[in-house]
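S.K.: To start, I am sharing the structure in question, which I have written as structure tokens.
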Amino acid sequence: MNTKKLLFLLGVGVSLLTTNVMADDAKARAIMEKVDARDDGQTLEQDMLMILIDKNGNERKRDLKSYEKDFGADEHKTLFFKSPADVKNTAFLTYDYDDPSKDDDQWLYLPALKKVKRIPSADKSSSFMGSDFSYFDMTDRDLEDYDFKLLKETKVRGHDAWMIEATPRNQEVIDESGYNKTIAIVRKDNYMVVRAINFMTNGKKKYLDLKKIHQESGIWLVDEMTMTTKKGKTTLHKTILTFDNIELNKPIDDSVFTTRRLEKGL
């Protein structure tokens, strides 16, 4: 499975950085090429729990079903909201294209309108379903859009890691993402981006943290991750994602990844 997904998550963003030889640190580039090449399977099916926590500590919970599948070098991902009632049957579809010259496609099905809405590039920096993840976070970050450098070696939860900075190469990328730069922490033993700080254009910061991961059949998977939005030291909002009933490399029908299926639901 293409590991350029934003870590949904999971990747929530693992392919954060660029490969331009002239502008970038050679060692950082080599590290991120290995991040990009990391095997994460051909398909992934899992249950998700999304917990939204406001600045006063109030929680809202949402149950989802997630499907991911490789289509050649591209990756498709579908999310179905199962509960509560106010979001039930809402569905989201992403086509992550390997070709950097091709814009990724995203669609959201809103059951109240009985309509599939395509997400335009101008809206990708906005919140995904009230969470701390944006629509931009739910798709790939093309390597060629960023310059990067190795800041230092560090440790995360007892594991050796690298800290790498990614800077957008042009204003278009900044406008679409809503980020001026990103700092990613990559574990040395498995080449996973396990933490990241996104510096937002509005002065806020979003902190990504993979709280729990595990290895299955040689592939590293995420059990729990968080995205926290802060202004200074003040936490404004937090999203927790947990994953359960994870099924790796199980056959998934191609029809799951169509706008028609969004309308049909689970």
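The values are calculated or read from the model by the stated rules, or taken from the named source; none is laboratory data. Everything numeric here is computed off the predicted structure, so don't read it as measured data. Cβ: placed from backbone, ideal geometry, glycine included. Neighbour counts: every protein chain shown.
A quick yes/no check of all residues on (1) surrounded by 15 or more Cβ atoms within 10 Å (Cβ to Cβ); (2) part of a helix (DSSP H, G or I); (3) in contact with a Leu (Cβ under 6 Å, 6 or more places away or on another chain); (4) at pLDDT 95 or above:
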residue: Asn2; (1), (2), (3), (4): yes, no, no, no
residue: Met32; (1), (2), (3), (4): yes, yes, yes, no
residue: Gly41; (1), (2), (3), (4): yes, no, yes, no
residue: Glu45; (1), (2), (3), (4): yes, no, no, yes
residue: Leu49; (1), (2), (3), (4): no, no, no, yes
residue: Lys61; (1), (2), (3), (4): no, no, no, yes
residue: Ser66; (1), (2), (3), (4): yes, no, yes, yes
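S.K.: Can you pull out every residue in segment 132-144 that is of a type outside the set (Asp, Glu), under 17 Å from Thr78 (Cα atoms) and not in a helix (DSSP H, G or I)?
M.R.: Of everything in segment 132-144, those that are of a type outside the set (Asp, Glu), under 17 Å from Thr78 (Cα atoms) and not in a helix (DSSP H, G or I) turn out to be Phe133, Ser134, Tyr135, Thr139.
S.K.: Quick one: in segment 150-197, of everything that is hydrophobic (A, V, I, L, M, F, W, C) and outside any strand (DSSP E or B), which residue is nearest to Val222 (Cα to Cα)?
M.R.: Met192
S.K.: What is the residue count in segment 68-112 for residues that are assigned to a strand (DSSP E or B) and of a type in the set (Val, Ile, Thr)?
M.R.: Residues flagged as assigned to a strand (DSSP E or B) and of a type in the set (Val, Ile, Thr) within segment 68-112 amount to 2.
S.K.: Another question, if that's okay. Return only the number of the condition from (1) assigned to a strand (DSSP E or B); (2) within 18 Å of the chain's Cα centre (by Cα); (3) crowded, with 17+ Cβ neighbours inside 10 Å that Asp147 does not satisfy.
M.R.: Asp147 satisfies every listed condition except (2).
S.K.: How many residues are touching a Phe, Trp or Tyr at 6+ places or on another chain (Cβ under 9 Å) and of a type in the set (Gly, Ala, Ser) if we restrict to segment 192-230?
M.R.: 1
S.K.: Hey, can you tell me all the residues within segment 208-260 that are closer than 27 Å to Gly130 by Cα and small (Gly, Ala, Ser)?
M.R.: Gly232
S.K.: Criterion first (surrounded by fewer than 16 Cβ atoms within 10 Å (Cβ to Cβ), without any contact (Cβ under 8 Å) to a residue 60 or more places away in the chain and on the phi < 0 side of the Ramachandran plot) does Glu172 satisfy it?
M.R.: The answer is yes for Glu172.
S.K.: Now a separate question. Hey, among Asp105, Asp145, which residue is farther than 23 Å from Thr229 by Cα and touching a helix residue (DSSP H, G or I) at 6+ places or on another chain (Cβ under 7 Å)?
M.R.: Asp145
S.K.: If we scan segment 235-253, do we find a residue that is crowded, with 16+ Cβ neighbours inside 10 Å and in a loop (DSSP other than H, G, I, E, B)?
M.R.: Looking through segment 235-253, at least one residue is crowded, with 16+ Cβ neighbours inside 10 Å and in a loop (DSSP other than H, G, I, E, B).
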